Amino acid sequence: MAALGVIGGSGLYDIEQLTNVQVTEVQTPFGKPSAPITTGRLGTLDIAFLPRHGIGHELTPTEVPYRANIHALKQLGVSHLLSISAVGSLTEAYPPLTLACPDQIIDRTVFRDRSFFDRGVVAHVGLADPFCNAFGEALVSRAATTGVTVERGGTYVCVEGPQFSTRAESALYRSWGAAVIGMTAMPEAKLAREAELCYAQISMVTDFDVWHESEAPVTVETVIHNLRANAVNAKRVLVALAAADLPARDHCGCLEALKNAIVTRPEMISRATRERIQLLAGNYLD
């Protein structure tokens, strides 16, 4: 069973330091995850790694099977989930090659399944703080032991993609005070909360989006070049994170996110729906 789940995005597809490596095909009630999941030992932890966009990056941000990904990691025993993804910067404070650990999200996606709870069952989880604060603090402090700085805080704007923003959109998001922009934090964060996982992110800044007048408009070439440099440091942070125990879950609230969240009367939930959400909500259905 893996304690730490890692979903790698653009630029991070494997973890070379893993030992006792196994590759597992996982089936879930919500379909197949993006790819087979690689498990192994890293430092003191058992790790489960999943490439978000599939092997070879064949899935667009919209096509990623977010529900299957989160459920599959939950099936493997994951309690803490680290998301690593590429982002654009919306502030001078986070120039390209910055690693950031955001603490808020604005969801601008429109075509994605956002909840495990449907087909006859409704749940309303709290999402005031979409990232686990305790996990984020641990991530930043352990990164510092390696000499890698991970900036703490900032709002992540999640857009549908796969296209980059227009200048007007980029200016709008900056006017909201957002720090970074990406395409995958939602519904990943929402589903992680429904699955009662502690969720944190390393946002790898590749560019200044298109708002920065002194920079050329973002291109795939620029993104890929900076991704490679960022991925090296992101892996160093991951190794440092795995060198000690994960933060306790006593007070963060993630562990009981579903407590009192299911509003459907138990007798109204069908057997098929119960089976579908058993791993997530079995403790709360009776």
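The values are calculated or read from the model by the stated rules, or taken from the named source; none is laboratory data. Treat the numbers as computed from the prediction; the structure is a model and nothing was measured. All Cβ positions, glycine included, derive from the backbone under ideal geometry; neighbour counts span all protein chains shown. Calculation scope for accessible area: heavy atoms of the full protein, side chains included, ligands and nucleic acids excluded. Shrake-Rupley method; radii C 1.70, N 1.55, O 1.52, S 1.80 Å.
Identify the residue in the range 67-116 that is of a type in the set (F, W, Y) and out of contact with any His (no Cβ under 9 Å at 6 or more places or on another chain) and, among all such residues, is farthest from G182 (Cα to Cα).
Residues of the range 67-116 that are of a type in the set (F, W, Y), as a first pass: 94, 111, 116.
Subsequent filtering for residues that are out of contact with any His (no Cβ under 9 Å at 6 or more places or on another chain) retains 94, 111.
Values: Y94: 14, F111: 15 Å.
Only one residue tops the list, namely F111.
Return the residues of the range 33-57 that are under 21 Å from M186 (Cβ atoms), assigned to a loop (DSSP other than H, G, I, E, B) and not hydrophobic (A, V, I, L, M, F, W, C); say none if nothing qualifies.
P33, S34, R52, H53, G54, H57
Assess whether L280 counts as being in contact with a His (Cβ under 8 Å, 6 or more places away or on another chain), farther than 18 Å from R52 by Cβ and of a type in the set (A, V, I, L, M).
yes
Would you be able to tell me the number of residues in the range 261-286 that are open to solvent by 100 Å² or more (accessible area, probe 1.4 Å), of a type outside the set (D, E, K, R) and either at pLDDT below 95 or in contact with a strand residue (DSSP E or B) (Cβ under 8 Å, 6 or more places away or on another chain) (or both)?
So the count comes out to 1.
Does L238 meet the test of being touching a residue at least 12 places away in the same chain (Cβ under 8 Å), open to solvent by 60 Å² or more (accessible area, probe 1.4 Å) and out of contact with any Pro (no Cβ under 9 Å at 6 or more places or on another chain)?
Criteria not met by L238.
Please give the number of the condition T206 fails out of (1) at pLDDT 95 or above; (2) open to solvent by less than 20 Å² (accessible area, probe 1.4 Å); (3) of a type in the set (S, T, Y).
Condition not satisfied by T206: (1).
Among the residues of the range 189-197, is there at least one that is modelled with pLDDT under 95 and open to solvent by 10 Å² or more (accessible area, probe 1.4 Å)?
No, the range 189-197 contains no residue that is modelled with pLDDT under 95 and open to solvent by 10 Å² or more (accessible area, probe 1.4 Å).
Within the range 241-286, how many residues turn out to be assigned to a helix (DSSP H, G or I), closer than 18 Å to N133 by Cα and among the aliphatic types (A, V, I, L, M)?
Result for the range 241-286: 2.
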